[in-house]
């Protein structure tokens, strides 16, 4: 039931085709954050208590270091986010599948938080 509420909250943001500005992993993968553009503010989705984190992309996507890209060159746009409740060893967790071609992300976590962040906040994203 937790997944349905998070899914509903995400869909109310209308994230489809939003440019992904940042994806970070902290604390040895315990937290994964994705920041994407919204009309007036950026949205940060924070996945915590992660026990599985994987991403797949095409090798050509990694030939040029991504840190050298300016904002207009970032190729990632959210297409779909699916969140479902799962049980692992008797624990209630969330499985999250995120499509942002050419990158696909899958993770299992214990919680997901959605917050708006000011566009003036320093994100490590070069401007156009």
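Derivation of every value follows stated rules applied to the coordinates shown; laboratory data play no part. A quick note: this is a predicted structure, and the numbers were derived from the prediction, not measured. As a convention, Cβ positions derive from the backbone with ideal geometry for all residues, glycine included, and neighbour counts pool all protein chains shown.
Which of 61, 38, 85 moves the most in a Gaussian network model of the chain with Cα springs under 10 Å? Comparing 61, 38, 85 in the GNM, the peak value goes to 61. The mean of 1/r over all pairs of different alpha-carbon atoms in segment 2-117, once inverted, gives a Kirkwood hydrodynamic radius of 14.7 Å.
Relative contact order for the chain: what is it in percent, counting Cα pairs under 8 Å that are at least 6 residues apart? Result for the chain is 30 percent. Compared with the direct C-alpha span, the chain from residue 80 to residue 33 gains 15.3 nm at full extension, assuming 0.36 nm per residue. Between 0 and 90 degrees, the angle of helix 2-13 with respect to the longest Cα principal axis of the chain falls at about 30 degrees.
The calculated 222 nm mean residue ellipticity attributable to helices in the chain amounts to -3000 deg cm²/dmol, summing -39500 (n - 2.57) over DSSP H runs of n ≥ 4 and dividing by all residues.
Report the FRET efficiency, 1/(1 + (r/R0)^6), for residue 16 and residue 48, where r is their Cβ-Cβ distance and R0 is 25 Å, rounded to 0.05. Intermediate values should be presented prior to the final figure.
Working: r = 24 Å, r/R0 = 0.97.
The pair residue 16/residue 48 has a calculated efficiency of 0.55.
Across 25, 54, 110, mean-square fluctuation computed from a Gaussian network of the chain (C-alpha pairs under 10 Å connected) peaks at 54. Spatial offset of segment 1-62 relative to segment 80-113 amounts to 10 Å, using the alpha carbon center of each. List the residues of segment 1-21 whose backbone N lies under 20 Å from a point placed 7 Å from the Cα of residue 116 along the Cα-to-Cβ direction. Residues 6-21 fall inside that zone.
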